[in-house]
Amino acid sequence: MKKLISGITALFLAMTMNAQQAPQLRADNIDEVIKAMTLEEKAQLLVGDGNDGFAGSGAMLGHQAKLVAGAAGQTVAIPRLGIPATVLTDGPGGVHINPTRKGTSQTFYATGFPVGTCLASTWNIDLMENVGKAIGNEALEYGCDVVLGPGLNIHRSPLCGRNFEYFSEDPFLTGAMGVAYTKGIQSQGVGVSAKHYAVNSQENERTRVDERLSQRALREIYLRGFEKTVRESDPWTLMSSYNKINGEYAQNSHGLLTDILRNDWGFKGIVMTDWIGLRADLPTYEQVINGNDLLTPGYPEQTKAIVQAVKEGKLDIKDVDRNVRNMLEYIVKTPAFRKYQFSNKPDLKAHAAITRQSSTEGMVLLKNDNNTLPIKNLKTVALFGVNSYDFSGGGLGSGAVNMPYVVDMVTGLNNVGVKTTKLLTDIYEKYVEYAKVKLKADKNPWMWFLDQGKPKLEEIEITRRCVEHEAPEADAAIITIGRQAGEGIDRMIEGEFNLTDDEKAMIERVSDVFRSQNKPVIVILNSGSVMETASWRDRADAILVAWQPGEEGGNSVADVLTGKENPSGHLTSTWPISAWDVPSTKGYPQGLGDGYEVAGVLYNGQMSGYNFTNHEEDIYVGYRYFDTFNKTVAYPFGYGLSYTTFAFGKPSVKSNGNKITVSVSIKNTGKVAGKQVAQVYVTAPKGAYEKPAKELKAFAKTRLLNPGETQTLTMTIAKRDLASFDEANSQWKVDAGNYIFKVGDNVENILGTATLKVSEYTEKVSNVLPLNVQFNKVKQ
Ligand code: BGC
């Protein structure tokens, strides 16, 4: 007994001494802490703290309950050295955590902000930054350290299942929004994780597909948004993507993670992998060498593998120490390190006001024949389409937010004094209740990945008789067409990009009956991404893209329909006539049927055999293709109508060292107040290689201009932003010559031009990730 007591005393003494001797992490003693760390501790810090129910490999949605229930993951604490765990939570459309917790009746809902496409469609940088501030504040008050967003992947195809999380087909717009989002969040003292780095523009087979593309397309299209975000807003963290690029896994590419990211761009934060765990074909230690500081969600085998690789001499301790230093530099910035006393009570009311404003401003008016909208004196509407009653605020998967509510269209309209016809409302409300129960019964176990968020309910048949019954009681018909999409699965053309037969029949019947009674038909698109409109748009008098606008959706739509707010959103991707008009559709994994991958498991256990994508369109993504090759589209990039009219003055352009400024005045020439966007597209002179007809290089939005009011917008373009990527010499190059600055309100509607003579500029960069295979490029 005596022995035992003295043993315990000795152990206690050793522990106390150890605690006294071990340095405690501070911002200014990182070297000392690294010296004091054991190899095991270093390895632990480079591997995340696991996932609930983690099987060790495969794509997964982050879920952990150790510190904040429902967060995506956390880093490992090393209390001996005063290193706290830090919490990573999904975004980007808000803070993704569990709304309820065991043992308490308190709720932890997070504000449902608009999805990325909707936010970017505002073309309003200040508003984006404000949304970022609100998301950052919620993360902080819910005890999180990093929000896993912004999503900076390019809308290469309208079929990508996660387009709703991303901003645009244009890299400049993507970068500008990424910068604003990052600045907003990080102003609150929490970090972002810019993701998924890079070329992750499809979901099917996302963990193994090889994206084969030219260095030029990589640099100009897929990396530029990341580059801008890194250079201008210093994101604390960045997430490497699951896919391969030109044969190398992004998460194991030294070229991508070190040469480009750190050496060319000067990134100072940490790189984490996307949530995958062990990969059979990728040694853990290689990922450490190549520049992944944190392996997520983290698996004990990975920690062991790092230790073993150092012992076997495969992994240099210098590489480990470099990543450990990056981790510690990140950790000392976090609220966890500051011991921030979070309240678990963010101001959800104040944030609801911010989301309402941003969703209204992101909505895009596509069509408004004979000034159908706004409808003044609207008393009763017949509300068709299941999404009118079960409105979708956001997408599925890790990007979903557990929001406290979503205002549907009935509520939104009621809130502005508009009623809905009784019988129709009754039919749909009862159906929604039934369909939700049925959905549970029919749940496909393979689709567990899409459990996060609200799936779309199937439409019901609306007979002509039913429409005839409703029309006399209503002043107008509103049809909401809804779409849902999410992680792990891309969208199909039939029934997802295109309308279903039921939806077409509904529009046809409603349009026939209401128009024959001189009553307008308005279509609301409640979708996170681009849809087909050309085949049915003639049947609607007005079309409003509401996107998936977050929890205040129905209120925002009602504000626009009744004219309380004047729409000022503009498209951030081209709306093609047919999905097949987009060059990448040809090679896109459409109709993989049972073979596609859902959430890291093969759907029905079969291989699709689909393991690479040739980027035949090269740099001609989105409007760069349609505009350069004169192709007709349904609605061009940058397009959006207003309830007022604007006149653009003649633009002027000046250069000042390496900066170019473009100014243009915009006058509200209509009858109601409104905001307008100036979009500056630049046509470069001929150089040694081909260039798109024009490219977006700057934009700005006016304040709310009253009728007759004018504002002059001044925009700055860095000279290097005019550069194309000169593959032969691994450099950015601005060719000398006359540049034409074309200012308009969409890519097809140029309202004024100015020319500037620009001298040559070059900037050498790393020569990495070459394309090793040959394929034909799209020529027209
Ligand atoms: C997604 C990431 C997400 C992560 C954590 C992955 O499957 O691709 O976007 O941040 O899960 O939930």
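The values are calculated or read from the model by the stated rules, or taken from the named source; none is laboratory data. These figures come from a predicted structure and were not determined experimentally. Here the Cβ positions follow ideal geometry from the backbone for every residue, glycine too, while neighbour counts run over all protein chains shown. Quick note on the areas: whole protein, heavy atoms, side chains included, nothing else; ligands and nucleic acids left out. Shrake-Rupley method; radii C 1.70, N 1.55, O 1.52, S 1.80 Å.
Any lysines with Cα under 28 Å of the K438 Cα? List them, leaving off those in the same chain fewer than 8 positions away.
Result set, ordered by chain and number: K102, K422, K430, K454, K456, K504.
So how do 310-319, 565-574, 719-728, 636-645 stack up, highest first, on mean other-Cβ count within 10 Å?
Ranking the peptides 310-319, 565-574, 719-728, 636-645 by packing returns 565-574, 636-645, 719-728, 310-319.
Mind giving me the FRET efficiency for E248 and D28? R0 is 51 Å, r the Cβ-Cβ distance, nearest 0.05 is fine.
After rounding, the FRET efficiency stands at 0.85.
Can you tell me how much longer the chain between A718 and K764 gets when fully stretched, taken as 0.36 nm per residue apart minus their C-alpha distance, in nm with one decimal?
14.9 nm
To the nearest 10 Å², what's Y222's accessible area with a 1.4 Å probe?
10 Å²
For an R0 of 25 angstrom, estimate the FRET efficiency from the Cβ-Cβ distance between A65 and E40 and round to the nearest 0.05.
Using R0 = 25 Å, I get an efficiency of 0.50.
What full-extension length gain, to one decimal in nm, is calculated for K757 and N738 as 0.36 nm per residue of separation minus the Cα-Cα distance?
6.4 nm
Compute, for T38, the solvent-accessible surface of its heavy atoms (probe 1.4 Å) with the complete set of protein chains present, and express it in square angstrom to the nearest 10.
60 Å²
Along Cα→Cβ, 7 Å out, is where each label goes; now give me the distance between the ones at D52 and T710 in nm to one decimal.
Going from the D52 label point to the T710 one covers 6.0 nm.
At a 1.4 Å probe radius, carbon and sulfur cover how many percent of the accessible area of the chain?
50 percent
So, for the chain, what is the accessible surface per residue at a probe of 1.4 Å, expressed in square angstrom?
Spelled out: the 1.4 Å probe surface of the chain, per residue, equals 37 Å².
How many angstrom lie between the Cα centre of the stretch 565-588 and the Cα centre of the stretch 103-154?
Here the answer is 25 Å between Cα centres.
Restricting to DSSP H runs of at least four residues, report the calculated mean residue ellipticity at 222 nm for the chain, -39500 (n - 2.57) per run over all residues, nearest 500 deg cm²/dmol.
Here the helix-only value at 222 nm equals -8000 deg cm²/dmol.
Per-residue counts of other Cβ atoms within 10 Å, averaged by peptide: what ranking do you get for 258-266, 430-438, 522-530, highest first?
522-530, 258-266, 430-438
How would L561, L439 rank on accessible area, largest to smallest, probe 1.4 Å?
Result of the area sort, largest leading: L439, L561.
Run the 1.4 Å probe and let me know the accessible area of K654, rounded to the nearest 10 Å².
Rounded to the nearest 10, the figure is 130 Å².
Counting alpha carbon pairs within less than 8 Å and at least 6 residues apart, what relative contact order, in whole percent, applies to the chain?
15 percent.
How much length is gained on full extension from R515 to V778, taking 0.36 nm per residue of separation minus their Cα-Cα distance?
Value of the extension gain: 90.3 nm.
Suppose accessible area is computed on protein heavy atoms with a 1.4 Å probe; arrange K422, K195 from highest to lowest.
K422, K195
Normalising by the residue count of the stretch 19-158, find the relative contact order in percent from Cα pairs under 8 Å and 6+ residues apart.
20 percent
Whose amide H sits under 5 Å from the amide H of F699, counting only residues 5 or more places off or on another chain, with H placed in the peptide plane?
V680
Once you place label points 7 Å from the Cα toward the Cβ at K349 and D538, how far apart are they in nm?
With each label point 7 Å from Cα toward Cβ, the separation is 5.2 nm.
Is the C-alpha gyration tensor of the stretch 737-780 telling us rounded, prolate or oblate? Criteria: a/c under 1.5 is rounded; beyond that, a/b larger than b/c is prolate, otherwise oblate.
Cα axes put the stretch 737-780 in the oblate bin.
Obtain the nm distance between the two label points defined at N749 and K268 by a simple spin-label model: each point lies 7 Å from its Cα along the Cα-to-C-beta direction.
Going by the 7 Å Cα→Cβ label model, 4.3 nm.
Mind ranking 576-583, 129-136 by how tightly packed they are, going by the mean number of other C-beta atoms within 10 angstrom, highest first?
Per-residue Cβ counts within 10 Å, averaged per peptide and sorted highest first, yield 129-136, 576-583.
If you rank M506, M492 by how much accessible surface each has, with a 1.4 Å probe, what is the order from largest down?
Order by accessible area, largest first: M492, M506.
Farthest toward the dipole's positive end in the chain, which of L218, A250, M177, given Cβ charges of +1 (Lys, Arg) and -1 (Asp, Glu) about the Cα centre?
Projecting each Cα onto the dipole axis, the largest value belongs to M177.
What size of dipole, in debye to the nearest 20, comes out for the chain about its Cα centre when the only charges are +1 on Lys and Arg C-beta atoms and -1 on Asp and Glu C-beta atoms?
1660 debye
With θ set to phi - 60°, apply the Karplus curve 6.51 cos²θ - 1.76 cosθ + 1.60 along the stretch 235-243 and write out the HN-Hα couplings as whole Hz, x wherever there is a Gly or Pro.
With the stated coefficients, the stretch 235-243 comes to x, 5, 9, 9, 10, 6, 8, 6, 6 Hz.
What number, in percent, do you get for the relative contact order of the stretch 710-755 if the mean sequence gap of Cα pairs under 8 Å and at least 6 apart is divided by its residue count?
Dividing the mean separation by the residue count of the stretch 710-755 yields 23 percent.
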